[in-house]
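Every number in this text was worked out from the coordinates using simple rules, so none of it is lab data. Remember, it's a predicted structure, so these values are computed and weren't measured experimentally. No Cβ is skipped: glycine too gets one built from the backbone with ideal geometry, and neighbour counts run over all protein chains shown.
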Amino acid sequence: MNNIKFATILALVALFFVACSEDSGSTNNALPEDSVKTGTFIDERDGQVYKTVTIGEQTWMAENLNFEYQAHGESYGNYCNMGDCKAYGRYYIWEVAINVCPTGWHLPDTTEWHALYRAIGEDPYAMQATGFGKWGNATNASGFSALPAGHWGGEGVVEVGWYASFWSAAEDNLGRAYFWNLDAGYAYFDINYKDYGYSVRCLQKFLPDKEISSSSVDTGSLIDERDGQIYKTVTIGSQTWMAENLNYDFKLDGESYDNYCYMDHCTIYGRYYTWEVALNVCPTGWHLPDTTEWHALYRAIGEDPYAMQAMGVVKWENATNASGFSALPAGGGSFGPGNVVFNDVESEALFWSATKQEKSPFSTLEYACTWYVNSDIASVTGEPVANGLSVRCLKD
């Protein structure tokens, strides 16, 4: 396929595609000078030194990652431009990108990229390194220093000098993942298959004032007055969550509507709801959390996915459930007329959020944002609103 034609099509689609972002509004304020702090970080794996930049509440690497990821003693899933790894860093396939950041850092999800963009006043030029011909308006006011590294497309690196493309941790259910793209005058999310190679910028993990322990977690219970079911609850920081998946049989005109159970075992994984039902299914005094509230939970537990995971799950061998949240690998369901198919049971947890993605005019599907947990990752991603996912209610 012609690379220029392919890139043009992707860019046009991306301008109309909006990935999941936090529900805290946006700002177009200029970036205050005192809100940017620079530093350095030494990657203990190979001794490389990276510039860092703190923008608002986030600390980012200010250079593209250049760690040679290996599998079985051989370089795997990472590439350089014409053998020069220093100039633009390495290009990683998504499978590697999701695991390649050093300890204490992680691959940012879409909400974290959006938080950065809001912090710099939604100014693409403030992210771009200066001195590149196609980026004539670049100011790099943020110190982020994005480079127009292009991407690795299977037969080599293309579009150097035109675009900067960075993987995010968010994926869809079609073997693709989201990436943050910068061209001369725009910054936006796009989506592509995971075997493409994009740059990686690692984000430092948020450290809470104190580590989560059993003594810092308050547990309780809730009686759902609609059907008398009793749910465990857990208070983490300032939030009180259900510590079990909702299992309320939502009905319309007296009939069960858009909620199903896995193999009729409703008490194990709870029910799976479409997004339309999930928005309205929590009991009085509770609500479906938005992406901002999911991220607040994750920050409160030190951005530790294992602290969310219930113990005793074969594929979640590192789970500690230190937070008491007790996420279960319920997977998700695809609902169709007379046909319900469940996927990823015993390997992934998918919870609806109240945040909807804007619909692309190039797609017939509507998407909403979800909170995704697998064996090693927790992040915001998206699913079609007609799919069936778990619900965890948050106290008003």
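Key figures for this structure:
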| read-out | value |
| --- | --- |
| Qualifying GluC sites (Glu not before Pro) in region 70-155, DSSP loop, other Cβ atoms within 10 Å at most 10 | E155 |
| Computed over the chain: relative contact order in percent, which uses C-alpha pairs under 8 Å that are six or more apart | 15 percent |
| Exposure proxy order (Cβ contacts within 10 Å, fewest to most) of C202, C20 | C202, C20 |
| Long-range amide H partners of V157 with built H, under 5 Å | M82 |
| Label-point separation, S334 to T139 (7 Å along Cα→Cβ), nm | 4.7 nm |
| Across K232/K356; K232/K315; K51/K205; K51/K86, pairs whose alpha-carbon gap is larger than 19 Å | K232/K356; K232/K315 |
| Listed residues N245, N64, N280, most fluctuating in the chain (Gaussian network, C-alpha, under 10 Å) | N280 |
| log10 of Debye I(q)/I(0), alpha-carbon scatterers only, for the chain at 0.13 Å⁻¹ | -1.11 |
| Helical mean residue ellipticity (222 nm; -39500 (n - 2.57) per DSSP H run of 4+; nearest 500) of the chain | -3000 deg cm²/dmol |
